[in-house]
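Taking it in order: structure first as structure tokens, then the write-up.
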Amino acid sequence: MAVALLQAVVTGVLVGGIYACMAVGLSVVFGVMNILNIAHAAFALLSAYLAFWAFKLWGLDPILSLLGTVPILLALGAGTYQAFIRPIRNSPPLMSLLLLFGLAHILEGGMLLLWSGDYRSINTSYTATSFGVGQFTLSTTRSIGFVASALLVGGLSLFLKRSYLGKAIRATMQEREAALLMGVDIDHVSRVAFLLGIGTAAVGGTFLGLVYAFYPYLHFMWIGRLFAIVVLGGMGSVAGALAGSIVLGVAESVTASLTASVWSELVAYAILVLTLLLRPSGLFGRGR
């Protein structure tokens, strides 16, 4: 029993690492723009479908397909920011929430038209393989996704801490008015933050597509998990998004190992409710 629980914890950490890739981007967007990008998971799911398409049509490995899907998603994100987000970024939060909710449905409808509502999966030569580390068995796809996500999150953290633009993003996350008074170009920072969010969504969505089967409506399941993560970690906190992702991944995996797997679907919402009731500021607060 103890070994099984430890195995579930290890599996949860691997999956949580992939969640972190998307959650960090969502948290940065909220921290800079005070916008809850409810379409974030729809962009991630679109990247999974593009990877699926590239694999089916040309036999291109999903990891290599990131060289194409990430630029496509960034271009789509840039157009989305310029056409929809920029004009309303100073509007009441409800307006952006409704607009992005509509955008999520548009993306879902596009995926439904192109790929139908059937379940899809990316079955590479290593999809069903695993390897042993001590007494634990690790899934190859989860492990690759975890390592890639860790590198991306680590690189993003270095960018935010070391570069001038990264420091401007952090300053805007922590105190928008003070950053504006210090000469930070809020429009440019907002655009970069939004594109960072789209880029991380593209990477995370591709690796989740490698791990799980997917269908057009699935993005609403993903966004529920991501909201739970950013609320648990602290809205706008990069470190909190990372910690929240690991907590959620482990909690879901352990719940699935102890009970029926269907109950693990409720874990994210239980965490969301408990965090809002007991610690609304999250584990790390905002902008840290």
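Read the figures in this text as sums done on the coordinates, not as results from a lab. Just so it is clear, the structure is predicted and the values come from calculations on it, not from any experiment. Cβ sites come from the backbone with ideal geometry, for glycine too, and all protein chains shown count toward neighbours.
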Task: Between region 56-82 and region 1-17, the alpha-carbon center distance in angstrom - done: 31
Task: Gain upon complete extension [SER125, LEU113; 0.36 nm per residue less C-alpha separation] - done: 1.5 nm
- [ ] Would you calculate the separation in nanometres between label points at LEU158 and THR137, each defined as 7 Å from the Cα along the Cα-to-beta-carbon direction?
- [x] 3.6
Open item on the list: Just to confirm the number: angle between the C-alpha axis of helix 238-258 and the first principal axis of the chain, 0 to 90 degrees, nearest 10?
Closed with: 30
Task: Descending Cα extents along the principal axes, the chain, whole Å - done: 56, 44, 33
Task: Gaussian network model of the chain, springs between alpha carbon atoms under 10 Å - residue of GLY134, GLY31, GLY154 with greatest fluctuation - done: GLY134
Task: Rounded to the nearest 20 debye, dipole of the chain from Cβ charges on Lys, Arg, Asp, Glu - done: 520
Task: Least to most buried among LEU50, LEU160 (fewest other Cβ within 10 Å first) - done: LEU160, LEU50
- [ ] Working from Cα positions, state the angle (0 to 90°, nearest 10) between the long axis of helix 93-115 and the longest principal axis of the chain.
- [x] 40
Open item on the list: Viscosity 0.890 mPa s, temperature 25 °C: give me the Stokes-Einstein translational D for region 126-211 in µm²/s, with Rh taken as the Kirkwood radius over C-alpha pairs.
Closed with: 163
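To the nearest 0.05, what FRET efficiency results for SER281 and ARG86 with a Förster distance of 41 Å applied to their C-beta separation?
0.90
State, as an integer percentage, the relative contact order of the chain based on alpha-carbon contacts under 8 Å between residues 6 or more apart.
Relative CO of the chain lands at 37 percent.
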- [ ] For region 89-129, state the semi-axes of the equivalent ellipsoid (square roots of 5 times the eigenvalues of the alpha-carbon gyration tensor), sorted largest first and rounded to whole angstrom.
- [x] 34, 15, 6
- [ ] For the chain, with a Gaussian network of springs between Cα atoms less than 10 Å apart, report the residue from TYR126, TYR217, TYR269 with the top mean-square fluctuation.
- [x] TYR126
- [ ] Report the calculated FRET efficiency for LEU181 and LEU74 (r = Cβ-Cβ distance, R0 = 25 Å), to the nearest 0.05.
- [x] 0.25
Open item on the list: Which log10 I(q)/I(0) values does region 35-78 give at q = 0.17, 0.22, 0.34 Å⁻¹ under the Debye formula, counting every alpha carbon as one identical point scatterer?
Closed with: -0.46, -0.70, -1.18
TODO: Amide H neighbours of SER130 under 5 Å, at least 5 residues apart or on other chains, H built in the peptide plane: list them.
DONE: THR140
TODO: Please report, largest first and rounded to whole Å, the three semi-axes of the ellipsoid equivalent to region 25-100, where each semi-axis is the square root of five times an eigenvalue of the C-alpha gyration tensor.
DONE: 29, 11, 10
- [ ] Give the angle, between 0 and 90 degrees and rounded to the nearest 10, that separates the Cα long axis of helix 140-162 from the longest principal axis of the Cα atoms of the chain.
- [x] 20
TODO: Set Lys and Arg Cβ to +1 and Asp and Glu Cβ to -1, take the dipole of region 11-216 about its Cα centre, and tell me which of ALA168, ASN34, TYR19 lies farthest positive.
DONE: ALA168
Open item on the list: For the ranges 96-107, 163-174, 178-189, what's the packing order if you count other beta-carbon atoms within 10 Å of each residue, average per peptide, and put the highest first?
Closed with: 163-174, 96-107, 178-189
- [ ] With a ≥ b ≥ c taken as the square roots of the eigenvalues of the C-alpha gyration tensor of region 1-127, please select rounded if a/c is under 1.5 and otherwise prolate if a/b is larger than b/c or oblate if it is not?
- [x] oblate
- [ ] Considering only VAL262, VAL147, VAL250, give the residue with the highest GNM mean-square fluctuation for the chain, with springs between Cα atoms whenever their separation is below 10 Å.
- [x] VAL262
Task: Cα centroid separation - region 255-281 against region 92-148, whole Å - done: 20
Task: Charge-dipole axis of region 11-216 as Lys and Arg at +1 and Asp and Glu at -1 on Cβ define it, positive-most pick from ILE144, THR69, ALA202 - done: ILE144
